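Coordinate-derived values only; no laboratory data. As the structure is a computational prediction, the values presented were derived from the model and not from experiment. So basically every Cβ, Gly included, is an ideal-geometry build from the backbone, and we count neighbours across all protein chains shown.
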Amino acid sequence: MALLPCLRTTYRDQFTEALTRTDGVRSPRVVFNTICECVTAVTGVGDIEKSKTRLRHVSRARQYVIWIMLAEMRDVITYVQLGKLFTQSYNHATIVHSKRAIDDLLAVDRETRETFKHLAELLAANGYERTTYLLEKIQIIK
């Protein structure tokens, strides 16, 4: 990824796609769509990737998606690439803010911890277990 600024613009997308397209790893778009479906099932907020509203429950659902995507795809996707998966493209600062906000909520908010317990169960059923591992590591799931 450190080579991206050195590459011509025309080759940058091809290079990024080649890096993320490995046999053992699902593409970021597929993982993103699955995570959005899981968060929608738990929170009831639909069209998370397309929504532009700032209502608290909708923005919180987007933050859940961002946190889980960073947990599941930490070695594959950058903050900028993650921001571009949303219809309203977010910059890296928004991604960093979302991750920190959820980290803070996991430390103090019982409702957020319960939501993540349900999300971890649903994600594990879909084959995504890094989130469960991280939640166990920070002692949200015992």
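Shown for the range 26-137: lysine pairs separated by 8 or more places, or found on different chains, whose C-alpha atoms are under 22 Å apart, numbering 8. Count Lys and Arg as plus one, Asp and Glu as minus one, and take only other residues whose Cβ is under 12 Å from that of Ile35; the net charge is then +1.
Here the contact order of the range 26-137, divided by its residue count and restricted to Cα pairs under 8 Å and six or more residues apart, works out to 27 percent.
Approximating the spin labels as points 7 Å out from Cα along Cα→Cβ, the Glu121-to-Ser59 distance works out to 3.0 nm.
With the Cα gyration tensor of the range 26-137 giving a ≥ b ≥ c as the square roots of its eigenvalues, does the rule (a/c under 1.5 for rounded; else a/b larger than b/c for prolate; else oblate) give rounded, prolate or oblate? Rounded, because the longest to shortest axis ratio a/c is under 1.5.
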